[in-house]
Amino acid sequence: MTYQALARKWRPQDFASVVGQQPIVTALRNALTEGRIAQAYLFSGIRGVGKTSVARVLAKALNCENGPDGGPAPDPCNHCKPCEEITRGSDLDVIEVDAATYSKVEQVRELTESLKYGPARDRYKVVVLDEVHRLSRQSFDALLKIVEEPPEHLVFIFATTEIDSVPATILSRCQEYRFHRVPTAELAAHLRTICEAENIEASDAALFTLARAGEGSVRDAIALLDQLATYGNGTVTEEDAERVLGGVDASFFHRLLSAMLEGDRTAVSAMAREVDEAGWDPRHMHGEYLHYCRDAIHLAIGAEASQVDLPATDRDALKELVESVGYENILRLLHNLLGSESTVRRSEIASLALEVAWLRAAELPRLVRLEDLVAGGGAAATKRNAKSEERDPTASSPKPQAPSPDPKPELPPTEKVYADPAIARLLEEVNRRKPSLAAHLKEAVRLALADDVLEIHVRAGSTWLSTRLAKDANKQALEEAVVNAIGPGTSWKLIETEASAEAPVADSEPEAPGSSVPGTAADNPTVQAVLDIFGGTVEQIDDRPDNPSDESP
């Protein structure tokens, strides 16, 4: 007997054999049991997930002679004459058409004319139209009438991998079922069943590698198993799978991710050269590494083990790594790598594009986060960068800065020192939430606490601070800061007062010359808008004449 490929030998012959499409199987079984047979079905999904196989099983179930009460069977028996002929593809009442070679409108019209007649022997005449998206627009139009109002004995089953190419007029006349990718774990279990039945020795890691390489397609995964079984003379090992499939061990990606997170340029560059020297496809490698980083993201947010497509040992090692570096760093790294994916994929020098993309990602640990700068943590970030430079001997030393040609004398610090520590804590809390609002509060005439109420004294007639605090975001930030710094139940209010009648706002040195701000300039709406956007304060205002020629020499 001639050898039959495993993908054909293990093609589902009943609903129980369908892998990974349980919701669709349940819906079709219920429809057959209740006799709710639609005039047209549309199966969509990627290649190799069971669209055409389920169409044939449905055709057998509709015409099975051993159904209850002489009607359709929830599961075909595969022993009666209609079931056997449909399996062999010789049943006259089940017509399988490949739309890629049957796309002319004349051919479709001939088909529709022949479908007006009843079945020769079976209960239903079934038309399976595979790759239906390949039909021309005119061919779809020729099908509209008979699909909408077919004879009682006629059932259409359409299958397509490109659902978006099917006209809405056809979609609205069909019951649509979307076939999903089969999960890696479920696909690996199916491959184990095949290996036990076919006397193929395979390790769990090897089957997992094959299932992942199948990318959710059952047919592709079984074809790879068949290929590896032939290569290994009935034995499938993880090393053979990686060698034949052109993939790499997960430990390679683990070392690469660790080097990137440490900013080790030398190690990252060496691994990029290793990819080139080993002859691996740089585009495929970058895509696989993105999948690995995606698994790292899932582990960082506490996902379950079933959501990560990695063997147990590799998963545990990756989990330990991501817990040590944190979710934000993994997310930032993945975002950077994803941005370079199209560059690597389209580049004519893919190996160079891959190395540049990986080296750019390795620079992320040296960057200072904006949050650190706002919170005043730039010094800590600089220390981290210095440690990274010590680990990398190739890092260049900073060049000496040239002296400024016109140095300006530094002014004495004018930062206010508040006598009440509660006020100082309050301003720190506000600065953490909204630095621009903290700068505005420091311009108040006086900040004081009286009976669990924060009094914010402003100049009489000035709308500078009241306009800022009228915004919901500023008001919420201030209220949260007041509760955290002073305690629950504390509120705040604005009080208009004359600046000359109040005590100094802080115990500090006298203000630098020019630091007083005239009310008219401070209350100017344009000035307020600029300061609010950039988070600044007014330090000095120079009065200049409108006409420069009027200035005295």
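Per-structure values
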{"quantity": "Förster radius 22 Å - calculated FRET efficiency between Leu144 and Arg178 (Cβ-Cβ, nearest 0.05)", "calculated": "0.45"}
{"quantity": "Where labels lie 7 Å past Cα in the beta-carbon direction, separation of Ala16 and Cys77 in nm", "calculated": "1.5"}
{"quantity": "Point-to-point label distance, Arg273-Ala460, nm (Cα→Cβ direction, 7 Å offset)", "calculated": "7.8"}
{"quantity": "Calculated FRET value between Asn199 and Ser136, using beta carbons and R₀ = 56 Å, to 0.05", "calculated": "0.70"}
{"quantity": "Cross-link table Lys125/Lys145; Lys60/Lys145; Lys9/Lys104; Lys442/Lys471; Lys81/Lys104, entries beyond 24 Å C-alpha to C-alpha", "calculated": "Lys60/Lys145; Lys9/Lys104; Lys81/Lys104"}
{"quantity": "GluC sites (Glu not before Pro) within the stretch 85-188: DSSP coil, no more than 14 neighbouring Cβ in 10 Å", "calculated": "Glu152, Glu162"}
{"quantity": "Built amide H within the under 5 Å cut-off of Leu454, gap 5+", "calculated": "Ser491, Trp492, Lys493"}
{"quantity": "Extension gain, Asp472 back to Lys9 (0.36 nm per residue minus Cα-Cα distance, nm)", "calculated": "159.9 nm"}
{"quantity": "Test item: Cα-centred dipole of the stretch 184-245, Lys/Arg +1 and Asp/Glu -1 on Cβ, debye", "calculated": "120"}
{"quantity": "Karplus 3J(HN,Hα) series, Hz, for the stretch 217-234 with 6.51 cos²θ - 1.76 cosθ + 1.60 (x for Gly, Pro)", "calculated": "9, 5, 4, 5, 5, 5, 5, 5, 4, 4, 5, 5, 5, 5, 5, x, 6, x"}
{"quantity": "Three-way shape call for the stretch 3-92 based on the alpha-carbon gyration tensor, with the a/c threshold at 1.5", "calculated": "oblate"}
{"quantity": "Mean-position separation - Cα centroids, the stretch 49-109 and the stretch 429-471, in angstrom", "calculated": "78"}
{"quantity": "Calculated FRET value between Arg360 and Glu113, using beta carbons and R₀ = 60 Å, to 0.05", "calculated": "0.45"}
{"quantity": "Order by protection proxy (mean Cβ within 10 Å, highest first), peptides 48-59, 68-79", "calculated": "48-59, 68-79"}
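Every number in this text was worked out from the coordinates using simple rules, so none of it is lab data. These numbers were taken from a predicted model, which means no experiment stands behind them. No Cβ is skipped: glycine too gets one built from the backbone with ideal geometry, and neighbour counts run over all protein chains shown.
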